C-alpha cells in the first residue's frame, strides 16, 4: 500500500489552525481570546515576537475582565520575551490604574518611547503625570512632540491647552480652540466652561506579525520508493565529526545578579553646561531597573559626591555577575588616559594637565575599584566625548584633548565609548531635534531593552546605528569599544 508523503496535509492544517487562533486571540470574546492566546503563547515553535504579541493580547483580555494580577503578569512576560512599545505603554497604564506610582508610569512610558519615539499615547500620558507633579514645562515639551506627530489628535491639543493655560492663558486658549475644531464633544465642554484631561489608551490588540511561524510538519521525502508500512527501521543518518558543535544562534544565558552605577552631569559650574546628560542617565537608570539591575544613580555630582556614590556602588557589588558603569557628561583624555569630570571641575589654562588629573575622576580607577569589589565582569559605557570643555593652546604632552583615548581594559572588563578617539559625540542632530537623549544613548536604550543580546552584539549594532545617524547630518561619530571579556555577556 502506498501512502501520501508525510505532512502533506498537516502543514496547511496547522497554518489554518494558527490563523484561526490568532483571530480569536484578538477578538472581543475575552474568554475565547484568553484560550486562543494561551495556545499561541505556549507553542514553542512559534517566533518570540508572535508569542509576545499573544501574551500582550491575553493581557488586554484579562484587563477587560478586571483581572489585574493576570494582566500584569502577561505584560511582564510579553516584555521579557520580545519588548514592544505597546506592552510598555500598557504596563504604564496598569500602574496608573493599580499602583498609581508616578515613577513606575514614567519608567514604562519612557521605555515605550525609546522603542517608538512618536507613540502619542505615551507622550500624552507621561505629560499628564509630569503635569500633575508640577513639571509643567517638561509636560508641555512632550505634548509639543505629540501634536507634531499627530496634528489631528484633539486630545493632545486639549491637554497642551490645559498646561499652556497655566503659564500663558492666550496660548492655552489657542490650543483649546484647535481641539474644539477637531472634536465636537470637547467643543461642547468648552462652551459649558468645563475642562477635561484626555487619557490615551493603547491599541486594543497587536496585529499578527508578518512573519508568523507555524509549527512545521516533517519535510516530505524526496521522490523515490514509497515509505514501507512495515519492515526494518531505516538506518540512522551518518554522524560527522562536528555533530556536537553548537548551533548558530544558540542562546547565551543571561548573567545572574547584576548591579549598576549611573551618573549624569549637566550643571557644570565653571565649564560649559550640557543639555542631555542628566536625561540620558535618568533613562538608562530606568531601563536597567526595569530589567533587573540593582542601580545606584546620581546626577549633577561634584567630586566628593561622585566618590560617595562610587563607595556605595562598591559595597553593593559583592558577588555580582555583572557590574555595569554608565556615565554621561564631560570627559577628557590626557596622555591616552580617560577622565570623567565632576560638576565642580575648575576651568583650567594651558599646562594644567596635572590639575585635571587631581580634580577629575579616572575611568581606569573606577573600573579597577569595581573589579576589586568582586564584580566578575565589569561593563563600562561612557558617553563623555561631547565637546572639549577646555581651551588649551600651545600646551605640550599631557594637554587635554577632545574625546577620550583608548581605555586600557583589564581582564574581565569591557569598555564602550560613544565616539572614537578625537571624535565629537553629538548631543542632538540639530537645533530642532526634540529627542531628550544624545544620539548614542537614544540608540543604546532599545538595545538594552532587547533580551538576549550579548555585550558585543550591542556594541557592533551601536557602531552601525550611531554612525549612520551621525552621517545623516554629515558628522563623523562611531562608538569604540575595548573588550577583555573572554565569554559572551548578556546584559538583559
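Laboratory data are not the source of any read-out in this text; all were calculated from the coordinates shown. None of the values given here were measured: they were computed from a predicted structure. Backbone-built Cβ (ideal geometry, glycine too); neighbour counts: all protein chains shown.
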Over all directions, the range 104-203 yields a Cα convex hull whose mean projected area in nm² is 6.1 nm²
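Give the order of 186, 491 when sorted by the count of other beta carbons within 10 angstrom, beginning with the fewest.
Values: 186 23, 491 26.
Fewest to most other Cβ atoms nearby, the residues stand as 186, 491.
Would you mind estimating how fast the range 258-483 diffuses translationally, via Stokes-Einstein at 25 °C and 0.890 mPa s with the Kirkwood radius over Cα pairs, in µm²/s? Don't jump to the answer; show the numbers that get you there.
On the way: Rh = 17.4 Å.
Roughly 141 µm²/s, to the nearest whole number.
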Treating the range 135-180 as a set of equal point scatterers at the Cα positions, no solvent, please give the Debye-formula log₁₀ I(q)/I(0) at q = 0.25 Å⁻¹. -0.79
Rounded to the nearest Å, what's the spacing between the alpha carbon centres of the range 68-109 and the range 304-371? Just the number, please. 35 Å
Ordering of 296-304, 466-474 by burial proxy (mean other Cβ atoms within 10 Å per residue, highest first): 296-304, 466-474
Mind giving me the nanometre distance, one decimal, between the label points for residue 136 and residue 35, set 7 Å out from Cα along Cα→Cβ? 5.5 nm
For the range 114-128 and the range 419-492, what is the centre-to-centre distance using only Cα atoms, to the nearest Å? 22 Å
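How large is Rg over Rh for the range 268-342, taking Rg from the Cα atoms and Rh as the Kirkwood inverse mean of 1/r across Cα pairs?
Numbers: Rg = 13.5 Å, Rh = 13.8 Å.
With Rh from the inverse mean 1/r over Cα pairs, Rg/Rh is 0.98.
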Cα atoms only, the range 20-82: Rg and Dmax in Å? 10.4, 31
Once every Cα of the range 34-142 carries one equal point scatterer and solvent is ignored, give the base-10 log of I(q)/I(0) from the Debye formula at q = 0.14, 0.17, 0.19 Å⁻¹, two decimals. -0.55, -0.76, -0.90
Computed from the mean reciprocal separation of all distinct C-alpha pairs, what Kirkwood hydrodynamic radius does the range 421-492 have, in Å? 13.1 Å
Distance in nm between pseudo-label sites at residue 411 and residue 358 (7 Å out along the Cβ direction from Cα): 3.6 nm
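Relative contact order for the range 20-82 using alpha-carbon pairs under 8 Å, separation at least 6, rounded to a whole percent?
Values: 86 pairs, mean separation 18.6, N = 63.
Across the range 20-82, relative contact order equals 30 percent.
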